[in-house]
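Here is the structure we will look at, set down as structure tokens.
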Protein chains: 2
Amino acid sequence: MRIGELAKRSGLATSAIRFYETKGLLPPAKRGLNGYRDYPAETVAVLAIIADAQQAGFSLEEIKQILPADISSWRHEELMDTLRRKVADIEAMQARLKESKAHIESLIRLIEAKPDDMGCRENASRVMASLGLSKGK
Amino acid sequence: MRIGELAKRSGLATSAIRFYETKGLLPPAKRGLNGYRDYPAETVAVLAIIADAQQAGFSLEEIKQILPADISSWRHEELMDTLRRKVADIEAMQARLKESKAHIESLIRLIEAKPDDMGCRENASRVMASLGLSKGK
DNA sequence: CTTGACCTTTAAGCGTGCTTCAAACTTAGC
DNA sequence: GCTAAGTTTGAAGCACGCTTAAAGGTCAAG
């Protein structure tokens, strides 16, 4: 499969695929007589894994460590450490998001709860105060 | 308070604070006779809010919309929309993280479950297969 | 045999969020 | 008065993850 086809199947731009190759995320593709890259069908799955991992918050550098071009270069403990660290990262992120969401939701409720007889500016002050700003101005 | 002091109290670099000013996240600071910026104590809280919002995944542009320098420029509906959109974003992110975490954890279990009599390379193939790669090589 | 789609490379550009640098001025302590 | 720390500005630089551009080779259809 040539790069355009792979791009279509993976949903990535050809430029992104070449970029991954230069960055070592993909092994240098086999070339045809014309110099064109020629990919095995499998590469679609590899690209999907890369996209998944990115989604999960891995940087390309991390993905490169996790998904080495040379499968035999797997260093078991290092890989496991990376994975476990990432789970911890995700958990930390989840906790932060939960807090942030609660924070924003309470902000929404606070703003919505403006008494009908309160003006906008006054309500704004009230909201600002709740954020920890003292300026009632 | 001068910028160095504000930096200490907020935990940000002076360069970041000036950067926020150029980006419109902070109103242009009042200047002393010497031209030095002079901040009210309140700015510490504003910076904390910015940091919080960033933590929650808001870009500086978004924060700028949410936290206008001029409090009277609040456009109620627009703000509420932004907040509600962000809650939705956070929820989407939470769902993705949950999936990613499950994915990684099952990967960890899979790798750990290597039968004692299976070699590393063979286990690697098994793991790769589970990721959707067919190459048993 | 030309047109147009697809491929190649290297290099430069982009958006985000800052940091660093250079050159100059102010201020604080001794 | 001297020195060191703090501040000013604008411009350039950095890291990440790509995209875009330029200049050209390849290939299939008509």
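Each value in this text was obtained by applying a stated rule to the coordinates, not by laboratory testing. Predicted model only: the values in this text are computed from it and were never measured. Backbone-built Cβ (ideal geometry, glycine too); neighbour counts: all protein chains shown.
For the pairs A:LYS86/B:LYS86; B:LYS8/B:LYS86; A:LYS23/B:LYS101; B:LYS23/B:LYS101; A:LYS101/B:LYS23; A:LYS86/B:LYS64, note any where the Cα-Cα span goes beyond 27 Å. Pairs exceeding the cut-off: B:LYS8/B:LYS86; B:LYS23/B:LYS101; A:LYS86/B:LYS64. Sorted shortest first, the separations between the A:LEU60 label point and its copies elsewhere in the assembly read 2.3 nm; each point sits 7 Å from Cα along the Cα-to-Cβ line. When only alpha carbons are used to place a centre, segment B:87-104 and segment A:18-72 end up 24 Å from one another.
Across peptide B:101-109, the average count of Cβ atoms from other chains found within 10 Å of a residue's Cβ is 5. Between this copy and the others, label points of B:LEU83 are 4.2 nm apart in ascending order, each placed 7 angstrom from Cα in the Cβ direction.
With respect to the axis relating copies A and B by rotation, the chain A residue whose beta carbon is closest, plus that distance in Å, is A:GLN94, 3.
Across segment B:1-108, Cα pairs under 8 Å and at least six residues apart give a relative contact order of 22 percent.
Of the trypsin sites (Lys or Arg not before Pro) found in segment A:2-53, those in coil by DSSP whose Cβ has at most 13 other Cβ atoms within 10 Å are A:LYS23. The phi-based Karplus calculation (6.51 cos²θ - 1.76 cosθ + 1.60; θ = phi - 60°) puts the 3J(HN,Hα) values of segment B:102-114 at 4, 4, 5, 5, 5, 5, 4, 4, 4, 5, 5, 7, 4 Hz, whole numbers, x for Gly and Pro. Label-to-label distances for A:THR14 across copies, nearest first, come out at 5.1 nm, using points 7 Å from Cα in the beta-carbon direction. Set the Förster radius R0 to 22 Å, insert the Cβ-Cβ distance between A:GLU99 and B:LYS98 as r into 1/(1 + (r/R0)^6), and round the FRET efficiency to 0.05. After rounding, the FRET efficiency stands at 0.85.
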